[in-house]
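What follows is calculated from the coordinates using simple rules that are stated; it is not laboratory data. Values in this document were obtained by computation on a predicted structure and should not be read as measured data. Virtual Cβ from ideal backbone geometry, glycine too; neighbours counted across all protein chains shown.
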Amino acid sequence: MSGQSPSASNGITPVQQMAASCSGAILTSLFVTPLDVVKIRLQAQKNPFPKGKCFVYCNGLMDHLCVCENGNSKAWYKAPGHFNGTLDAFVKIVRNEGIKSLWSGLPPTLVMAVPATVIYFTCYDQLCAALRARMGNRAQEAPLLAGAIARVGSASVISPLELIRTKMQSRKQSYRELTTIIRSAVQTEGWLSLWRGLGPTLFRDVPFSAMYWYNYERGKSLLCEWNNLREPTFAITFISGALSGSFAAIVTLPFDVVKTRRQVELGELQARNLSYQVSSSTFTVMSRIVAQHGFTGLFAGFLPRVIKVAPACAIMISTYEFGKAFFRKHNQERIVGPLQTSNT
């Protein structure tokens with residue numbers, strides 16, 4: 001398929017891993033996007049977003065920073081009518097605007113989340129296989145380290161794209177104008193200005209990834225042992241993904257709250273082409289949240305985050321594992337088929 005021989009560790013090529021993760025990311029986005037469309041509509045109903053206001057859109061795979069452009073757009077942050085709850089919002093959106101409206105947040109998801117997810121999952125598999133081969137008796141800890149490193153890599157690659165996309169959303173401008181703005185920012189503040197806001201992202205996502213992959217691999221192995229299976233079934237990967245994702249989401253929720261607050265503040269400054277001078281550390285922001293809202297303020301949005309992250313993790317990992325199993329079987333058939341023919 002790619003001109004490369006399948007990896008000895010898992011029987012598939014890196015390109016096949018990328019294809020499996022890409023299909024998983026697209027399927028996850030299709031399933032989870034309607035949940036966030038409804039959530040954004042309910043939020044906008046209570047507190048309408050004025051022009052230039054930034055808000056965070058998450059689909060379970062990664063976050064997107066979006067800028068409200070106008071009040072009569074068909075975008076999913078506009079909330080016409082009155083919704084009495086989640087189910088009521090689903091029904092009224094479909095009835096008044098058509099079922100396609102439930103996926104109106106899909107384009108930015110696919111543009112940002114799919115490449116990031118492909119990088120992340122492919123890097124994880126490659127790193128995990130390499131670390132397991134070198135860690136000997138401590139090979140069980142390889143998923144923890146591989147997950148953390150892979151998340152640092154994918155987040156670092158996507159961070160400048162997020163900044164550029166926020167600037168493009170803030171007002172209509174040509175690519176030449178955008179290039180001039182970015183070049184000016186780099187000359188004034190250096191290349192690191194393109195990765196501004198990356199710190200809070202890593203504080204949340206790196207521990208999440210480390211815990212997620214470690215618990216997922218352990219859970220998958222235990223469920224296979226209990227069921228006397230050599231290879232995990234679709235149900236086993238789905239359950240393991242949901243449970244490990246839920247646990248990691250709960251533990252890292254305080255960092256998610258801090259990241260959301262800082263990301264919105266930073267995005268609004270970027271949208272107005274202002275310099276970012278707030279140097280509050282993550283723990284300073286945490287202290288401020290506790291002072292304003294109490295300790296429970298660090299766990300704001302607990303239920304929506306778990307409800308969204310659990311199915312997203314389950315769908316993504318089970319689809320990814322299914323894709324890898326498909327390619328593994330395909331590669332084996334390509335090798336075994338000619339051998340059987342020659343023997344006959």
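Given the Cα-Cα distance of Asn227 and Ser281 and 0.36 nm per residue of separation, how much length would full extension add, in nm? Intermediate results must be reported in sequence, preceding the final value.
On the way: separation 54, 0.36 × 54 = 19.44 nm, distance 4.70 nm.
Separation in residues times 0.36 nm, less the Cα-Cα distance, equals 14.7 nm.
Database remark: amide H of Ile12 closer than 5 angstrom to the amide H of Ser7 (H placed geometrically; neighbours at sequence offset of 5 or more, or on other chains; Pro and chain starts carry no H). Annotation for Val336 and Phe295: the two label points, set 7 Å from Cα along the Cα-Cβ direction, are 5.7 nm apart.
Between Phe326 and His82, full extension at 0.36 nm per residue minus the direct alpha carbon distance yields a gain of 83.2 nm.
Taking 0.36 nm per residue of separation and subtracting the Cα-Cα distance, full extension of the segment from Glu141 to Gln187 would add 12.3 nm.
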